1. Per the chain: cysteines with no other Cys C-beta under 4.7 angstrom?
2. Running a GNM on the chain with Cα contacts under 10 Å, which residue among Asp11, Asp74, Asp56 ends up with the highest mean-square fluctuation?
3. Could you pull out the chymotrypsin sites (Phe, Trp or Tyr not before Pro) across region 228-292 that fall in loop regions by DSSP (anything but H, G, I, E, B) with no more than 10 other Cβ atoms inside 10 Å?
4. Do any trypsin sites (Lys or Arg not before Pro) in region 204-249 lie in a loop, going by DSSP, with at most 13 other beta-carbon atoms within 10 Å of their beta carbon, and if so which?
5. Run the dipole for the chain about the Cα centre, Lys and Arg Cβ at +1, Asp and Glu Cβ at -1, nothing else charged, and hand back the magnitude in debye, nearest 20.
6. Carbon and sulfur atoms: what percent of the 1.4 Å accessible area of the chain do they account for?
7. Can you tell me which of Thr149, Thr141, Thr23 moves the most in a GNM of the chain? Springs connect C-alpha atoms under 10 Å apart.
8. Can you give the accessible area per residue of the chain, in Å², using a 1.4 Å probe?
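The values are calculated or read from the model by the stated rules, or taken from the named source; none is laboratory data. For clarity, every value in this text was computed on a predicted model and none was experimentally measured. Don't worry about glycine lacking a Cβ; one is built from the backbone with ideal geometry, like all the others, and counts go over all protein chains shown. Heads up: the accessible areas ignore ligands, DNA and RNA and are worked out on the full protein's heavy atoms, side chains in. Shrake-Rupley method; radii C 1.70, N 1.55, O 1.52, S 1.80 Å.
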Amino acid sequence: DRVYVTLGIDDPVSVLDASTGETKLVFEGSEFAREIVVSDGVAFLLADETPSKYPDFRRLSSYVWDNTRRANPDWGWSGTQRNLFAYDAQSGKRLWEIQSPVAPCSLAVDSTRAIFHDGDKLVCLDRKTGKTLWESESCPTAKPVFTNTGPRVLIYEDIVVYAGNDGKMSGWSAQTGEKLWEQRHRPSGHNSLKDLYVASGLVWTAAIANNKDDGTFVGYDPRTGEQTREFPADVHPHWFHHRCYPSKATENFILTGRNGTEYVDLAAESWNPNHWIRGGCIYGVMPCNGMTYVPMDSCGCQLEAKLTGFNALSASPIPMPDSAGLSGDARLEKGPAYEQIKAVSAKAEDWPTYRQNNARSGSVASATAF
């Protein structure tokens, strides 16, 4: 029922009512926040110590990839110190803060601890006090950490799983920080975070980054690193590289973006490709509530075979009432917030939504005077 967001690129984190958008509270002193993790009534906020440099970015090259190759390292994280805050999510009271290098996208939290990568090693904090519980042996990630990626850290029960963008993934004791195992981390994603997830009790990895990759999924025991499962792709999703975002996982499926969205059934060991749905760059899609939510995207690949707009998809047909002969008002089911929304009628010359209309025509039918 709440949305945690910065209302400006360097603004403090605000808490909004999810139904109305009303600002409920602001976490004072959380300016320059870059990452938000909310867990068990506590908001953990990672913030820089200086304003963002992104508004100063200027394109220097006419070729898009020349700009990318320059900007990713030049504007990446070089290992500088950052602020990690813990706030009571209801009152907005700051509980503790620490200063430390924290690699982008590496913050993970469970019921007792907060863990991050500082560019050289894993660091574990007591989530109640911010006190350091342990630091791991050196397991560095390359610096600068490019703007489109970061080392991955996740907590699964009593295990920390880490992947440092070096082709390796490893398991560590969440209690002591001891390294337990190391395995190959197969290539995934494209200009985005690399995949790291635990599903059906196993750590999975697959080579799915490029068309030449075979798509074989391998599952490892999260405590021992022992390989226990392996199955090849039973389809050949074409196209030249993975979409520009990481895959997502549920307990039973891994949702890759090899072309559109492929549902990899871990029990049946089978791929179900759906070329017409793909998510937004960096973010991807979101499996939740037994649905797949697919936000708007700017992808120009295979335009003739994709849905546009914001889509919510079900695994099976949702029973719908017989609407034959019913008026528009009769077919419209009104929720409790319906009367609170103030609709504004768009005129022919208006531009009310992304690319003007649901068809994304990028044009408007109105006269122009010269």
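1. Cys105, Cys124, Cys139, Cys288, Cys299, Cys301
2. Highest fluctuation of the listed residues: Asp56.
3. Of the chymotrypsin sites (Phe, Trp or Tyr not before Pro), the ones in loops of region 228-292 whose Cβ has at most 10 other Cβ atoms within 10 Å are Phe240.
4. Lys212
5. 780
6. The value for the chain is 52 percent carbon and sulfur by accessible area.
7. In this elastic network of the chain, the residue with the biggest mean-square fluctuation among Thr149, Thr141, Thr23 is Thr23.
8. 54
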